[in-house]
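What follows is a short report on a single structure.
The values are calculated or read from the model by the stated rules, or taken from the named source; none is laboratory data. On a predicted model such as this, the values are computed, not experimentally measured, just so you know. Ideal geometry is used to build each Cβ from the backbone, glycine not excepted, and the neighbour counts take in all protein chains shown. Only protein heavy atoms, including side chains, enter the accessible area calculation; ligands, DNA and RNA are left aside. Shrake-Rupley method; radii C 1.70, N 1.55, O 1.52, S 1.80 Å.
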Amino acid sequence: MKKSYTLLISIVLITIFSYFAISILETKSLRSTNLSNQYLYIQGKNHLDFFKSYINSIDLTDISHLEIKDDFFDIYAKIEKKDSIFTIEVFVKAKDYNISLFEKFTLG
């Protein structure tokens, strides 16, 4: 009789500790994923800001599409000209992750 109670208590304790261990591992995995997404968002935002400043510094007269080659991000801009005002749409998207940024602005 004593062995059956010991076995029951052991099974219950193992089940409880396993549940807590799985919860801790899930939390750490989620935290790691959030940190990598945050890092990629910051890197994408830096690419977007750099690309905007680069577009502001060049002559856009004969340009309708502009692209920067990168290993981790797709970085490109669509440029439309109406009269003397340029409408620019800038896109930055991570190639392997679900991170994308967009900004539309005008230059005149």
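In a reduced charge model with +1 at each Lys and Arg Cβ and -1 at each Asp and Glu Cβ, the chain shows a dipole moment near 920 debye about its Cα centre. Structure remark: mean-square fluctuation, Gaussian network model of the chain, C-alpha springs under 10 Å; the largest value among Ile22, Ile42, Ile88 belongs to Ile22. Just checking the listed ones, Ile14, Ile24, Ile55: in the Gaussian network model of the chain with Cα springs under 10 Å, the one fluctuating most is Ile14.
What are the trypsin sites (Lys or Arg not before Pro) within region 30-91 that DSSP puts in a loop, where the Cβ has at most 11 other Cβ atoms within 10 Å? Can you show the working numbers first?
Details: sites: Arg31, Lys45, Lys52, Lys69, Lys78, Lys81, Lys82; in loops: Lys69.
When the trypsin sites (Lys or Arg not before Pro) of region 30-91 are filtered for loop state and at most 11 Cβ neighbours within 10 Å, Lys69 remain.
Entry comment: accessible area of the chain is 79 Å² per residue, from protein heavy atoms only and a probe of 1.4 Å.
Please give the FRET efficiency for Thr61 paired with Ser100, using the beta carbon to beta carbon distance and R0 = 22 Å, rounded to the nearest 0.05.
In this case the efficiency is close to 0.15.
For the residues Thr33, Thr87, Thr15, a GNM of the chain with alpha-carbon springs under 10 Å puts the largest fluctuation on Thr15.
Work out how much length Tyr19 to Asp83 would gain on full extension: take 0.36 nm times their residue separation and subtract the Cα-Cα distance, in nm to one decimal. List each step's numbers first, then the result.
Details: separation 64, 0.36 × 64 = 23.04 nm, distance 6.56 nm.
Extra length available between Tyr19 and Asp83 comes to 16.5 nm.
Of the solvent-accessible surface of the chain, computed with a 1.4 Å probe over protein heavy atoms with every protein chain present, carbon and sulfur atoms account for 59 percent.
3J(HN,Hα) along region 72-77, derived from phi through the Karplus expression 6.51 cos²θ - 1.76 cosθ + 1.60 where θ = phi - 60°, amounts to 10, 10, 9, 10, 8, 9 Hz, with x in place of Gly and Pro.
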